Amino acid sequence: RKVKRLLLADDYDGVLEVAREQVEGNAHLLDVCVALTERQDEAEQMRRLVKLLAQGVDAPLMFDTTEVDVVEAALKQYPGRPVVNSINLENGRARIDAVLPHVVEHGAAVVALTIDEQGMAKTAERKLEVARRIHDIATQEFGLEPDALIFDALTFTLATGEAEFRRSAVETIEGIRRIKQELPGVLTILGVSNVSFGLAPHARAVLNSVFLHRCVEAGLDLAIVNPAHVIPYAEIAPEERELADDLILDRREDALTRFIAYYETHRAEQTESADPTASMTPEEAIHWKILHRKKEGIEELVDLAVQNRAGAPPPPVPATRAGARAGEDEVAATDVADRPDAGLATPRPRPRPGPGPASTHEAGVWVLNNVLLPAMKEVGDRFGAGELILPFVLQSAEVMKRAVARVETYLDKVEGQSKGRVVLATVFGDVHDIGKNLVHTILSNNGYTVYDLGKQVPVNVIIEKAQEVNADAIGLSALLVSTSRQMPLCVQELHARGLSFPVLCGGAAINPSFVRAAAFVDEAKTELYPTGVYYCKDAFEGLAAVEALVDPERRDAFIAQRREEILEGVARRAELVEKARAARPARSNAGPRRDIEIPTPAFWGTKVLERLPAAELYSYIDLNTLYRLHWGAKNAKGEQWERLVKDEFEPRLERYRKEVQASGMLQVRAAYGFFPAAADGDELVVYDPDDRASELARFPFPRQDDRDRLCLADYFAPANGTRPVDVVGFQVVTVGDRLLERADALMKGGDYSEGYFLHGFGVRLAEAAAEYVHRLMRHELGIPMDRGLRYSWGYPACPDHRQHEILFRLLPARERLGMDLTEAGALVPELSTAALVVHHPEAKYFSAA
């Protein structure tokens with residue numbers, strides 16, 4: 001950030017001082033990047049800075065840019081031997097053929113990533129295969145010496161526990177070794193800390209250090225690493241080396257669990273305190289741990305509870321069980337809801353098990369039904385009462401998952417152990433599934449068998465799965481208005497096939513009125529779907545509906561009550577509509593002012609930002625929306641809110657800022673542009689900047705039936721004859737898919753809360769990127785930063801997501817950003833936004849419904 005400010009001010013001497021400070025801090029190589037979205041003279045800035053750095057610092061330079069002309073300018077200016085960052089085969093030979101002629105001409109070295117058309121190489125064999133292709137092209141066709149090639153064999157985090165990545169560190173180490181052995185003379189480089197992303201800081205330091213040691217043994221030449229984040233290998237305790245090697249080398253099935261458990265109990269700064277579960281029965285301790293989100297020792301407590309119920313002598317308690325080692329797994333300072341004033345310090349007394357005897361199967365069923373499920377129910381009750389935020393609920397679900405897994409080891413594999421079967425799906429055309437995943441978590445941790453079909457699921461697949469498993473209910477999720485139409489289609493198809501699975505509907509696009517309409521199976525709106533269509537505003541309403549539907553004593557009354565509510569709601573809605581129509585004011589023809597000055601943009605057409613400055617985006621994150629909407633604290637108030645922000649949210653946000661950027665998960669890119677435009681009734685017409693008589697696209701928008709009778713087209717001047725006189729802006733931004741893949745992997749691996757937090761962070765980061773680009777567009781239009789608005793498709797003024805297809809014909813989102821659309825018009829990757837930018841000073845958000 002400091003360097004950016006200096007570059008914007010043309011203060012090259014200031015940048016030189018920063019470079020000197022880094023060299024004095026023992027940097028061996030300086031990476032030089034001057035790409036700024038606010039300026040268009042990257043090549044000139046690179047030339048001037050390289051000249052100054054070459055004279056003022058001893059360390060060699062690495063030129064970091066996506067633009068070939070900038071590479072050329074830097075190489076021409078630099079008298080020493082630099083490194084160019086970087087080349088790969090992601091788009092075939094395009095990057096190599098553009099960059100290597102300049103590298104060869106100036107005698108530079110070049111970083112080569114082991115990425116090809118299939119993506120990032122994950123196995124040692126693939127890493128070598130890609131490296132060999134690049135090596136052969138560079139040495140045989142361009143005459144580059146092997147020692148000018150620096151291969152990055154890439155590595156991935158070991159923190160997810162996913163089978164796909166369990167051997168990733170081994171494959172990286174072996175990849176480095178094979179590249180060095182089979183491509184003599186080449187060098188290797190690696191971002192070491194990626195291996196530990198997602199772990200606690202003190203655990204990361206050990207894992208990074210041992211991994212670095214193993215990579216150096218394999219032949220690593222250059223390590224991208226912060227010295228503050230590693231420990232000299234000789235100073236690491238043998239026990240910790242062993243744990244790290246087990247994980248890095250994939251020597252044990254439980255290596256990750258053991259590694260995490262060790263550093264949960266060996267905190268960076270431990271404090272001694274009493275064990276709150278020391279005097280409790282195993283049943284009470286289990287209940288307490290689920291409420292307080294404490295995983296450590298839960299399996300041993302389940303063992304004790306089952307053995308007690310079965311009347312068998314309890315197994316010896318391991319010395320490492322939580323409750324036997326005071327102070328190692330206590331209530332953390334950041335766990336706000338654990339405090340006595342949050343009402344969770346004292347567990348609800350649980351009934352002690354009877355003397356037995358019972359089989360271990362019977363004892364396991366008893367523990368599940370009388371200890372685990374009541375504890376999770378209390379978690380849900382406290383969430384409903386506003387005492388717990390959703391991420392804390394998910395952390396309790398993680399403890400519950402471990403406890404249930406242990407109980408299942410005692411249960412005979414017989415039918416009837418599940419409370420019910422639910423098929424879940426995000427509807428066809430929709431790629432958003434965080435809400436569905438939360439429902440899955442809550443249902444499965446309350447004793448239900450969940451068949452999660454994923455996202456973009458066709459109606460016939462949903463119905464066939466429900467028939468196959470004889471589901472007790474179907475749960476459908478949708479975020480987009482356009483995709484929500486799949487829900488009534490599913491109900492209609494079920495009815496046409498003579499099926500009667502209850503249907504639960506939820507998601508951001510869904511409301512009670514929509515679900516009431518979906519419940520009718522005839523055009524006259526007189527016949528209701530027999531078993532009901534239910535609106536569920538959150539996961540716990542979904543749980544309550546399923547609980548009622550699977551209970552024989554409650555089911556019929558619940559369905560009848562729902563039918564009555566729908567009929568009453570429809571009548572009430574009709575009455576309100578009639579009143580609104582009678583009170584509707586006369587139509588106003590005033591509309592927005594037409595006598596405004598129309599700005600002239602700095603350029604016409606499109607521009608692509610290959611890399612947005614991630615560090616700058618954080619200042620544009622709407623923290624209130626992040627904390628309350630995406631991180632679940634919408635009902636927190638007063639002291640609880642202040643503690644949440646200070647102790648939980650702010651440290652987490654700072655950790656994400658550092659870890660996400662260090663891991664390379666961020667791929668924030670954007671495309672935007674300005675086009676001549678004119679209003680034609682309720683349509684916005686977009687023209688070719690090079691031929692203003694040529695129409696490129698039309699966007700029809702809905703108009704309000706009442707109020708101000710507004711339509712988006714009203715904010716643009718009509719054409720003067722056949723010539724447009726106004727300007728419209730468009731933008732599309734994407735964070736890429738790596739961050740979302742990481743969040744999904746955490747959820748699937750059982751780390752529900754971390755996945756939930758990371759997903760919310762990604763959503764707000766995409767919005768922050770959109771705001772960043774919007775401010776840039778205002779600047780290039782020459783208008784104040786508070787003038788005009790941006791409108792995203794899916795919101796009331798422009799509700800049709802399918803217009804994204806028109807947008808993609810105007811902006812190179814597919815070609816340059818790697819984006820795509822579902823059949824319903826949803827943006828892919830999910831963490832992306834698109835918008836139409838209006839410059840009119842009277843622009844406001846409005847509903848066209």
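The values are calculated or read from the model by the stated rules, or taken from the named source; none is laboratory data. Since the model is a prediction, treat every value here as computed from it, not as a measurement. Ideal geometry is used to build each Cβ from the backbone, glycine not excepted, and the neighbour counts take in all protein chains shown. Please note that ligands, DNA and RNA were not included when accessible areas were found on the heavy atoms of the full protein model with its side chains. Shrake-Rupley method; radii C 1.70, N 1.55, O 1.52, S 1.80 Å.
Leaving out ligands, DNA and RNA, and with a 1.4 Å probe, what % of the accessible surface on segment 5-121 is carbon or sulfur? List each step's numbers first, then the result.
Numbers: 2450 of 5420 Å².
So the carbon and sulfur contribution to the accessible surface is 45 percent.
Hand me the trypsin sites (Lys or Arg not before Pro) from segment 1-61 located in a DSSP loop with no more than 11 other Cβ atoms within 10 Å, in residue order please.
Counting only loop positions with at most 11 other Cβ atoms within 10 Å, the trypsin sites (Lys or Arg not before Pro) in segment 1-61 are Arg1.
Taking segment 708-824 on its own, what percent of its Cα-Cα pair distances exceed 17 Å?
For segment 708-824, the fraction of Cα-Cα distances above 17 Å is 70 percent.
Let's see if you can work this out: charge +1 on each Lys and Arg Cβ, -1 on each Asp and Glu Cβ, no other charges. What is the dipole magnitude of segment 138-255 about its Cα centre, in debye to the nearest 20?
100 debye
Compute the projected area of the convex hull of the Cα atoms of segment 506-575, averaged over all viewing directions, and report it in nm² to one decimal place.
For segment 506-575, averaging the hull's shadow over all directions gives 4.9 nm².
Just in segment 731-825: which GluC sites (Glu not before Pro) are loop by DSSP and have at most 15 other Cβ atoms within 10 Å?
Glu823
Tell me, what % of the accessible area of segment 704-819 is carbon and sulfur with a 1.4 angstrom probe?
Details: 1800 of 3960 Å².
The computed percentage sits at 46.
Restricting to DSSP loop positions (anything but H, G, I, E, B) with no more than 16 other Cβ atoms inside 10 Å of their own Cβ, which GluC sites (Glu not before Pro) remain in segment 56-142?
Qualifying residues, ordered by number: Glu67, Glu90, Glu117.
How big is the antiparallel share of DSSP beta bridges in the chain, given as a percent to the nearest 5?
Restricted to the chain, the bridges split so that about 50 percent are antiparallel.
Starting at 0 and stepping by 10 Å, how many percent of the alpha carbon pairs of the chain end up in each bin?
Bin by bin from 0 Å, the calculated values are 2, 11, 18, 22, 21, 15, 9, 3, 0, 0.
Distance from the Cα centre of segment 478-546 to that of segment 30-61, in angstrom?
If you average the Cα positions of each part, the centres end up 59 Å apart.
Can you give the accessible area per residue of segment 94-144, in Å², using a 1.4 Å probe? Can you show the working numbers first?
On the way: 2080 Å² over 51 residues.
With the other protein chains kept in place, segment 94-144 gives 41 Å² per residue.
Rg (Å, one decimal) plus Dmax (Å, integer) for the alpha carbons of segment 758-849?
Here Rg and the maximum Cα pair distance are 13.8, 38 Å.
With every protein chain kept in place and ligands, DNA and RNA left out, what is the accessible area per residue of segment 636-697? Probe 1.4 Å, answer in Å².
43 Å²
Probe of 1.4 angstrom, ligands and nucleic acids ignored: what's the accessible area per residue over segment 734-849, in square angstrom?
Using a 1.4 Å probe on heavy atoms only, each residue of segment 734-849 averages 34 Å².
Explain nothing, just the number: dipole magnitude of the chain about its Cα centre with +1 on each Lys and Arg Cβ and -1 on each Asp and Glu Cβ, in debye rounded to the nearest 20.
1480 debye
Farthest toward the dipole's positive end in the chain, which of Ala508, His202, His287, given Cβ charges of +1 (Lys, Arg) and -1 (Asp, Glu) about the Cα centre?
Checked the options; the winner is Ala508.
Of the options Ala557, Ala677, Leu144, report the single residue whose Cα projects farthest towards the positive end of the charge dipole of the chain (beta-carbon charges: Lys, Arg +1; Asp, Glu -1).
Checking the options against the dipole of the chain, the answer is Ala557.
Using the Kirkwood radius over Cα pairs, work out the Stokes-Einstein diffusion coefficient for segment 104-168 at 4 °C and 1.567 mPa s, in µm²/s as a whole number.
For the chosen part, D equals 99 µm²/s.
Roughly how many nanometres apart are two label points built 7 Å out from the Cα toward the Cβ at Ser500 and Arg703?
4.8 nm
Any idea which of Val15, Met376, Leu543 is furthest toward the positive side of the dipole for the chain, if Lys and Arg beta-carbons carry +1 and Asp and Glu beta-carbons -1?
Looking along the dipole axis, the top candidate is Leu543.
Is segment 625-741 rounded, prolate or oblate when judged by the Cα gyration tensor, a ≥ b ≥ c being the square roots of its eigenvalues, rounded requiring a/c under 1.5 and prolate requiring a/b larger than b/c?
oblate
Please report, in Å, the Rg and the Dmax of segment 37-76, where both are computed over Cα atoms only.
10.3, 30
Return the calculated 222 nm mean residue ellipticity for the chain, to the nearest 500 deg cm²/dmol, obtained by summing -39500 (n - 2.57) across DSSP H runs with n ≥ 4 and dividing by the residue count.
Rounded to the nearest 500, the figure is -13000 deg cm²/dmol.
Under 21 Å between alpha carbons, and skipping anything fewer than 8 positions from Lys637 in its own chain: which lysines qualify?
Candidates past the 8-residue exclusion: Lys646.
May I have the extent of the alpha carbons of segment 798-849 along their three principal axes, as whole Å values ordered from largest to smallest?
That works out to 35, 23, 19 Å along the principal axes.
In whole percent, and with a 1.4 Å probe on the protein chains, what portion of the accessible area of segment 198-267 is carbon and sulfur?
Percent of accessible area from carbon and sulfur atoms in segment 198-267: 55.
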